[in-house]
Amino acid sequence: MTNSFFGDSLTVVQGDVFSPIVKIENETGMEIAKVYFSSHALGITKELTPSGMDFTMRLSGEVTKDFPIGEATYDIT
């Protein structure tokens, strides 16, 4: 998968657990209420779980097994 804004790629293996860590550089000092990972091509929008300034999510193998083979874009919002 490729992020449509930053150009960073992630690899998701069908049937495997996908659990990335997203690090947010918050130079404004404002509180970040929620962070979402979304991909239209994969049909998912998932709220990430905060842990300090890191955010995590977990997609089970049951979810990733249905992902199409190929590339998809994603957004962090």
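Can you sort Thr56, Thr11, Thr73 by 1.4 Å-probe accessible area, starting with the largest?
The ranking, largest first, comes out as Thr11, Thr73, Thr56.
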Practice task
Positive end of the charge dipole of the chain (Lys, Arg +1 and Asp, Glu -1 on Cβ, about the Cα centre): tell me which of Pro50, Phe67, Ser9 has its Cα farthest that way.
Solution key: Phe67
Problem - Whole-number D in µm² s⁻¹ for the chain, Kirkwood Cα-pair radius fed into Stokes-Einstein, 20 °C, 1.002 mPa s - result: 162 µm²/s
Handout entry: the chain, helix-only ellipticity at 222 nm - DSSP H runs n ≥ 4, -39,500 (n - 2.57), divided by all residues, nearest 500
Key = -500 deg cm²/dmol
Handout entry: Derived scalar couplings ³J(HN,Hα) [the stretch 63-77; Karplus, 6.51 cos²θ - 1.76 cosθ + 1.60; whole Hz; x for Gly, Pro]
Key = 7, 5, 5, 8, 5, x, 6, x, 10, 9, 8, 9, 10, 10, 10
Completion exercise
Of the accessible area of the chain, computed with a 1.4 Å probe and all protein chains kept, carbon and sulfur make up a percent value of 51 percent
Exercise for the section: Please give every one of the lysines within straight-line cross-link reach of Lys65, meaning a C-alpha to C-alpha distance under 22 Å, and leave out same-chain neighbours fewer than 8 residues apart. Expected result: Lys46
Exercise for the section: Quick one: which residues, 5+ away or cross-chain, put their amide H under 5 Å from the amide H of Leu42? H built at 1.01 Å from N. Expected result: none
Practice task
Keeping every protein chain in place, order Lys23, Lys46 by accessible area at 1.4 Å, biggest value first, i.e. largest first.
Solution key: Lys23, Lys46
Handout entry: For Met57, residues with placed amide H under 5 Å, excluding near neighbours
Key = Thr49
Handout entry: Partners for Lys23 among aspartates and glutamates (Cα-Cα distance below 17 Å; same-chain residues under 8 apart left out)
Key = Asp8, Glu31, Glu47, Asp54, Asp75
Practice task
Please list Ile32, Ile21 in order of solvent-accessible area, largest first, computed with a 1.4 Å probe with all protein chains present.
Solution key: Ile21, Ile32
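The values are calculated or read from the model by the stated rules, or taken from the named source; none is laboratory data. What you see is a predicted model; the values in this text were computed from it and never measured. Methodologically, a virtual Cβ is constructed for each residue, glycine included, from the backbone with ideal geometry; neighbour enumeration extends over all protein chains shown. The area values use the complete protein model at the heavy-atom level, side chains included, leaving out ligands, DNA and RNA. Shrake-Rupley method; radii C 1.70, N 1.55, O 1.52, S 1.80 Å.
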